[in-house]
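Just so you know, all these numbers are worked out from the coordinates, no wet-lab data involved. These numbers come from a predicted model, not from an experiment. Every residue, glycine as well, gets a Cβ built from its backbone with ideal geometry; the counts of neighbours run over all protein chains shown.
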Amino acid sequence: MKNVILEVVENVSLTDKIYKLILKGDIKAITYPDEFVNLKLDNFYLRRPFSVSDFEDDKLTIIYKVLGRGTNYMTSLKSGTKIDALINLGNGFQYLSQKPLIVAGGIGIAPFVKLIKEFNKKGIKPTLIYGEQTKDNFILLDFFKENTNLILTTDDGSLGYHGNSVQYLAENKLDFDKYYACGPTPMLKTLKKYSDNGYLSLEAHMGCGFGACMGCSIKTINGFKRVCKEGPVFLASEVIYE
């Protein structure tokens, strides 16, 4: 964990509810995508955790969805604003696959930009199943079309496969050696039932964000673990859903 001051470079809307925030500063401590950062927002007591979507040199990209007062406040952040941040938190996705499958639902697409870039550098084009409720919710489709074997699914059938990401996977035999998944808990739970040969990025309400308060503990085959410290990325085979 490292405490740094970052500066807003860009803060733009991708849809009516989803924004891309680019920050710059000393981010050398960040190692893997889906580590997370904890941002201190003015007039808010608790920091807000966000997964690392992309990072390069001194630039950090966060993709966030407006869900409450904190994220709504973030939409007003202007270029040049300074933000106190804790970085290099948690355990991110690593590049341990030759035939990677990425399964993303909704804002769960956020941590995969850097992961895809790193696979591409190795000459690997991952398969991506990207699910949304409706066609208007998709983001960054040009990037994903160029850099992945992209499969789109929508709950309402407005684009791509009519159904969710895991339904598509269950109905179509895809060749992969590991999957990397992030999305709503019901999606991850169903995916684990289908196969535990992969990695799950979990969400949890966090108090401290660095393992002190135990508020984000989940049950695993090796006892309780903290999403903020031992996670957010876990082997699917160790997570226990009840």
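For Cα pairs less than 8 Å apart in space and 6+ apart in sequence, what is the mean separation divided by the residue count of segment 1-110, i.e. the relative contact order in percent? All intermediate terms of the calculation are to be shown ahead of the outcome.
Details: 228 pairs, mean separation 39.5, N = 110.
Answer for segment 1-110 is 36 percent.
Charging the Cβ of each Asp and Glu at -1 and of each Lys and Arg at +1, and nothing else, the dipole of segment 85-175 about its Cα centre rounds to 500 debye.
Residue ranges 80-86, 103-109 sort as 103-109, 80-86 when ordered by packing (mean number of other C-beta atoms within 10 Å per residue, highest first).
Specify the inter-centroid distance of segment 101-145 and segment 55-70, based on alpha-carbon positions, in whole Å. Between the Cα centre of segment 101-145 and that of segment 55-70, the gap is 16 Å.
Between Asp177 and Asp16, the simple spin-label model (points 7 angstrom out along Cα→Cβ) gives 4.5 nm. Angle of helix 185-194 to the longest C-alpha principal axis of the chain, folded into 0 to 90 degrees and rounded to 10: 40°. Evaluated over the Cα positions of the chain, the convex hull gives a direction-averaged projected area, one quarter of its surface, of 12.6 nm². Working from the Cα coordinates of segment 1-63, the gyration tensor eigenvalues give, after taking √(5λ), semi-axes of 17, 15, 11 Å in decreasing order.
According to the calculation over all Cα-Cα pairs in segment 63-117, the P(r) per 5 Å bin from zero is 4, 12, 17, 21, 20, 14, 7, 5, 1 %. For Leu150, the residues 5 or more places off, or on other chains, whose built amide H falls under 5 Å of its own are Leu128. Label point of Lys65 set 7 angstrom out along Cα-Cβ; within segment 83-112, amide nitrogens under 11 Å from it belong to 105-110. With angles folded into 0 to 90 degrees, how steeply does helix 112-121 sit against the dominant principal axis of the chain? Use alpha carbons for both and round to 10. Once rounded, the angle reads 70 degrees. Quote the charge dipole size of the chain about the Cα centre in Debye, to the nearest 20; the model charges only the Cβ of Lys and Arg (+1) and of Asp and Glu (-1). With Lys and Arg at +1 and Asp and Glu at -1, about 400 debye.
Between the listed residues Gly105, Tyr161, Leu202, the Cα displaced farthest toward the positive end of the dipole of segment 87-222, a dipole computed from Cβ unit charges relative to the Cα centre, is found at Leu202. With both labels modelled 7 Å from their Cα along Cα-to-Cβ, the Asn43 to Leu96 distance reads 4.5 nm. Highest mean packing first, where packing is the average number of other Cβ atoms within 10 Å per residue, the peptides 63-74, 46-57 line up as 46-57, 63-74. The gain in end-to-end length when the Lys78 to Leu141 segment is fully stretched comes to 20.1 nm, 0.36 nm per residue minus the alpha carbon separation. Would you list the P(r) distribution for segment 123-242, with all Cα-Cα distances sorted into 5 Å bins from 0 and each bin expressed as a whole %? P(r) for segment 123-242, in whole percents per bin: 2, 11, 18, 20, 18, 14, 11, 6, 1.
Potential lengthening of the chain between Gln133 and Ser158 amounts to 8.1 nm, from the contour at 0.36 nm per residue minus the alpha-carbon distance. Remark: segment 63-79, residue by residue, has Karplus-estimated 3J(HN,Hα) of 10, 10, 10, 6, 10, x, 5, x, 6, 5, 4, 4, 5, 8, 5, 9, 4 Hz, where x stands for each Gly or Pro and the curve is 6.51 cos²θ - 1.76 cosθ + 1.60 at θ = phi - 60°. Only beta bridges with both residues in the chain are counted; by DSSP, about 60 percent of them are antiparallel. Name all residues of segment 24-58 having a backbone nitrogen under 14 Å from the label point set 7 Å from the Cα of Thr220 along its Cα→Cβ direction, giving them as ranges. No residue passes the distance filter.
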